[in-house]
Amino acid sequence: MRKRLLDAWLIVLLAIAVLLCSSALAAPDAATGFRKTVEPILTEYCSTCHNSNLKKGGVAFDADDASALLADKDLWLKVFKMLRAEMMPPRGKPRPSAEQVEHVVNWIKYSAFAIDPQNPDPGRVTLRRLNRTEYRNTIRDLMGVDFNVTAEFPADDTGHGFDTIGEVLNLSPLLLEKYIAAAKAIVAQALPKQPWNKAGSVPGDPQERRRYASKVLEAFASRAYRRPVDQETVERLVHLVETTAARPGRTFEAGMAQAMTVILASPRFLFREEQTLPNSTDRYPLLDEYSLASRLSYFLWSTMPDEELFGLAAQNKLRQNFSAQVSRMLADKRSSEFIRNFAGQWLQARNVESANVNPFAVLSKEQPRDPKAEQARTRFRELARKPQEALTEAEKKELEQLRNNFFRGFRRFRQFQLTGELRRAMRQETEMSFEYVVRNDHSLLELLDANYTFLNERLAKYYDIEGVSGEQMRKVTLPPGSPRGGILTQATFLITTSNPDRTSPVKRGLFILDNILGTPPPPPPPDLPPLEQAAEAVKGKPPTLREMLAVHRNKALCNSCHNRMDPLGLAFENFNALGRWRDKELDQPIEAGGQLLTGESFKDVRELKKILTTSRRLDFYRCTTEKMLIYALGRALGPSDMHLVDELVAKLDAAGGRPSVLIRGILESSAFQRRRPSNGQAQRSASARHFSPSPALQVN
Amino acid sequence: MSMKLPRGALNRRAFLRGTGACIALPLFESLRTSVFFAAGPAAKLACTATGAPLRTAFLYFPNGAIPSAWWPSREGTDFPWSRTLKPLEKHKAYVQILGGLGHKNAEPGPDGAGDHARGNGTFLTGVRLRKSATDVRAGISIDQVLANAYGHLTRFASLELGCDSGARSGACDSGYACAYQFNLSWSSPTMPKTPESNPRRVFERLFGEGKPGERQANLLRRQQEDKSVLDFVLDDARSMQKRLSPSDKHKLDQYLTGIREVEARIQKTERFGLVKDPGIETPPGIPADFGEHIQLLLDMLVLAFQTDSTRLATVLLAHDGSNRSFDQIGISEGHHDLTHHQNRKEWIDKVADIDLWYVQQLAKFLDKLNQVKDVDGQTLLHNSMIVYGSGNADGNRHTHTNLPIVLAGGGGGALRTGRYVKYSDQPMTNLFLSMAHVLGVRDLQRFGDSTGPLKDIG
């Protein structure tokens, strides 16, 4: 084995030597460094399981083809994440020292991923179409028109949970049709406000009028395209005004309207084209200031840059005033768009508005069984199954009555009905929690554990919290001993992770792994064994969810992932599928205690929150950092981003979790400020291609 | 939300009365169907033997079907109707139940979990989807292959409809992009065709905006304005194209494709003339009740077929993995949750009820097609091929062989209807090949993982 590996290394070295001659593709010391200092650590702590015989988790560090092993960025990204989250080696097995872990991690970053910390690759951002929210806001700022995008445009596709990802924001022919129709509708609505539509403002002389149109349209197109527009385009626009106006029955005003319409239908408006500084000799040139202004405004405001940003970009002074501008933008009320869109998607607060949880089903399960009602329901379904024309008159009447009774049964639970008003309050509770932390620059950990939350009367009643009256959402200090506080005890999380009729500890656990700890389990394997034994194994009574999941976890195939998800999810069993507190499930007291894979035990949700904010806080910082980066950059993260993530997490922790440090860190990063060169130099783009993360390497 | 009374009910009823009136009219004055009759035997694309248009639709229902309730107990022409398919009995003369078809590429293979994304995304493409949340790659779908072959014959090459209109935040199935689950139709491996969910918008696209009688003029004016928009934005797109990297060019290509489609539609209006105004009120938006929503969208499809505005459509009734509950038939649990029934009889029963409910929706659609007379004196149902199916077979086990598939419609007399036939493990794509051949697209020799046309559907 050892001999074979050595031979393999020789080949690797040779291969690397060849590669080095042709281009600077990999760090020269990757293989040497690996053999000297990394491999011994892996052999000592990892290879007992991760060898080519056992190949646990599909990972082996003694592969025949060592060059393939070294080049397998996918694998090293997994290793990196496992080490950072302290998930490997597993509890109870000997662990490498902190220095050894750091050594391996550094080798991965700077050798296997070949990251150059002095000159990091900013990654490839695909040309981004405005999403629905950005379109609406941009139109509002540009035209003063409130356009209902939700009704007019199809929902945007999301990637990694966000609708800001260039790669997945497609433009279908249907949407293009809608963009053209929208442009016309918006211009028609904005007409009365246009200066040229007021009597006496348009010169009568044709020459003068031409100059006037040219001036107005140049200014408008430059704002719409978010950078100064070229003279040739202005001439085309003026030409369009004149030809339209020359048609029978048409006027100069109609021509101006048509010119505005084409601007709003242009790809230069609908897509955010970015340019880099001209004549830059940097390998990864800086964005020009107009592009930077757009990145800033779409990240922090979800809309186009305002006059001030434009003005600074025009004088090339945005970078000089960068920090002051960021402060201004965060203080501006438009930054609530960042709060709403980022938190709304990251914490899935938006989803509570449409979550399909059925109060009747949830609550009737918590009531004593009612055989009569069940009988009636069975009969209802029996009749509903029959074709309408096959029903006798008597049956029709019976069906009508049963249906009415069935819906009447709902009314018993009317106060828990998830009305639009209540759902909105729930969504706002989560958004306001995030907003409070960001605006006051409190520790992000308050998102997980806090002695306050945001309620109005309706939501407070729903939570059984007294002393809140009125519709206004406001900060409320929680009574001592309240289990609430922190986003994980809010209705948004508790409801969106539930099934229509019951809680799903698995989904809740998965949500936390995905969105709080940033350690998603691999997807379930094919050929899942059926759960029915689980129900049968608990004799003599209907099993609780905890009991069923315990049986499930006993299976080797399931336990490696369910050991990660279930304890987290079960900690919230005191909250039913509606997010309301309960002490019992099926008349048995709820046990919420458990142990995390990383070893920490807890007896209830309060203790779990303490663990998340202390010993697991770096996981949370890392996860938050990655999510915000994805949202801000509009792309997936890959291996070449791991240096940046590490750096941001370290800064964030040193600053006690203050969000301003993270936001500014992202804004100042090379990933945000620079671009891979987009055209020209073939050699440059060839090497850039080498560094592009393959799809398999994406985070999550 | 499910406790509300179906709010759209009244509107829809009023609207349907209108449709009824329309159906009673002599229909094809405006359709230039003479083109087809005149063209005689040479014009074989998407035509029946009599020269009438031959329409094709693909309807997708989610999460498979309980096999024991779906499949009849024996094959042949005189099979007993199964519990789930019973509502189709009255249309037996126009129904084939096809067993033994499957999608190998929807099986996990090396890709692990994600059977809902795969079932949905493979259904009309027959290819293995790239497992990625951002780097989307499927294949062109069969409806778009057909649209490329004969879409030029109608005002709309194809229509894409679907009932899911909500936001898609959060992750979709197991690392797959949401696009795979929320689209049936793909014009290229990277370009899903977004379905329209609003019946009102479908109607306005087909017939123009405004009141009855004003629509033709509105449509004409709109197209004229569009033309000058297209000229300008094309120039903008071309200048932009020069500055972009290859991957960004690809995004702009999507824009250009859309422009070409709008252009083609304008040219078609010039060629075919305007479609006749059906003379009914524009339908309301999206009804609150799911059943009403489906039926209203399908009403629009009937109108589109009837006026020969298109001969191709896809309808995503609900995306695979859908967890909708069905209070209207006494089922408050989520559909997807129920399909993982752990062999509990009660859950199996409920899923079978939901399967039945979806088949009832199909039956209503066939009723409507059966009520409309076509140019050749036959019914629209006679002159259609309607595929109804799901990309999962057994939702509990996530299998993709022996998919639940119904082929309804007479294919203009070309199909062998009124029977249940079970093939031995054939790719679903073989059915698509056969259909393409019936439609006159004879040069299509392979599609997806096809191995050859199904021998005897016709």
Which three extents, in angstrom, do the Cα atoms of the stretch B:214-276 have along their principal axes, listed largest first?
45, 17, 16
Flagged links, alpha-carbon separation over 20 Å, of A:Lys184/A:Lys333; A:Lys73/B:Lys251; A:Lys386/B:Lys350; A:Lys215/A:Lys317; A:Lys36/A:Lys109:
A:Lys184/A:Lys333; A:Lys73/B:Lys251; A:Lys215/A:Lys317
Return the ratio Rg/(2.2 N^0.38 Å) for the stretch B:202-331, where Rg is computed over Cα atoms only.
1.37
Please report the accessible area of B:Asp111 (heavy atoms, 1.4 Å probe, ligands and nucleic acids excluded) in Å², nearest 10.
40 Å²
Past 29 Å, Cα to Cα: identify those pairs from A:Lys56/A:Lys584; A:Lys78/B:Lys131; A:Lys365/B:Lys131; B:Lys104/B:Lys193, in the order given.
A:Lys56/A:Lys584; A:Lys365/B:Lys131
Compute the distance from the alpha-carbon center of the stretch B:47-86 to that of the stretch B:119-195, in whole Å.
23 Å
Spelling out what I want: for every residue of the stretch B:387-393, take phi, set θ = phi - 60°, compute 6.51 cos²θ - 1.76 cosθ + 1.60 (Karplus), and round to whole Hz; glycine and proline get x.
8, 10, x, 9, x, 10, 8
Here the stretch B:267-274 yields Karplus 3J(HN,Hα) values (6.51, -1.76, 1.60; θ = phi - 60°; whole Hz; Gly and Pro given as x) of 4, 5, 4, 5, 7, 8, x, 7
Calculated FRET efficiency, A:Asn316 and A:Asn197, Cβ-Cβ r, R0 41 Å, to nearest 0.05?
0.70
Cα-based reach from B:Lys276 at 17 Å (exclusive), listing lysines while leaving out same-chain residues under 8 positions away:
B:Lys211, B:Lys268, B:Lys373
Can you give the accessible area of B:Asp308, probe radius 1.4 Å, in Å² rounded to 10?
10 Å²
Taking H placed 1.01 Å from N in the peptide plane, check which residues at least 5 places from A:Arg128 or on another chain put their amide H under 5 Å from its amide H.
A:Arg272
Given a Förster distance of 25 angstrom, what is the FRET efficiency for B:Arg74 paired with A:Lys386, based on the Cβ-Cβ distance and rounded to 0.05?
0.55
What percentages make up the Cα-Cα pair-distance distribution of the stretch A:549-598 when the bins are 5 Å wide from 0?
5, 20, 24, 22, 16, 10, 2
Compute the FRET efficiency between A:Trp581 and A:Asp141 as 1/(1 + (r/R0)^6), taking r as their Cβ-Cβ distance and R0 = 45 Å, and round to the nearest 0.05.
0.55
Note down the Stokes-Einstein diffusion coefficient of the stretch A:359-416 in µm²/s, whole number, using a Kirkwood radius over alpha carbon pairs, 20 °C, and 1.002 mPa s.
173 µm²/s
Considering amide H positions built from the backbone, and no H for Pro or chain starts, which residues 5 or more places from B:Gly99, or on another chain, come under 5 Å of its amide H?
B:Val421, B:Lys422, B:Tyr423
Can you pull the Rg over Rh of the stretch A:194-273, Cα-only, Kirkwood?
0.97
If you take each beta carbon of peptide B:316-327 and count the beta carbons of other chains within 10 angstrom, what is the mean?
2
Rh by Kirkwood over Cα pairs, then Stokes-Einstein D for chain B at 1.306 mPa s and 10 °C, µm²/s:
70 µm²/s
The protein assembly as shown - share of DSSP beta bridges that are antiparallel (%, nearest 5):
55 percent
Sulfur and carbon atoms: percent of accessible area, the protein assembly as shown [1.4 Å]
53 percent
Take the alpha carbon atoms of the protein assembly as shown, find their radius of gyration, then divide it by 2.2 N^0.38 Å using N residues; give the quotient.
0.96
Under a point spin-label approximation (7 Å from Cα along Cα-to-Cβ), what is the A:Ala219-A:Lys507 distance to one decimal in nm?
5.3 nm
Convex hull projection area averaged over all views, the stretch B:320-450, Cα basis, nm²
9.9 nm²
Expected vector for the stretch A:581-591, Karplus 3J(HN,Hα) from phi with 6.51, -1.76, 1.60 and θ = phi - 60°, integer Hz, x for Gly and Pro, equals 6, 9, 9, 9, 10, 6, 6, 10, x, 8, 9
Cα centroid separation, the stretch A:617-657 to the stretch B:205-276 (Å)
43 Å
Can you pull the accessible area of B:Ser424 for me, 1.4 Å probe, Å² to the nearest 10?
100 Å²
Taking B:Tyr358, A:Tyr212 and ranking on accessible area (1.4 Å, protein atoms only), highest first, one gets A:Tyr212, B:Tyr358
Over the residues of the stretch A:289-350, compute the C-alpha Rg and express it relative to 2.2 N^0.38 Å.
1.17
Under 5 Å, built H, 5+ apart or other chain: amide partners of B:Thr379:
B:Asp374
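The values are calculated or read from the model by the stated rules, or taken from the named source; none is laboratory data. Everything numeric in this text was worked out from a predicted model, so none of it was measured. No Cβ is skipped: glycine too gets one built from the backbone with ideal geometry, and neighbour counts run over all protein chains shown. We work out accessible area using only protein heavy atoms, side chains counted, and drop any ligands, DNA or RNA first. Shrake-Rupley method; radii C 1.70, N 1.55, O 1.52, S 1.80 Å.
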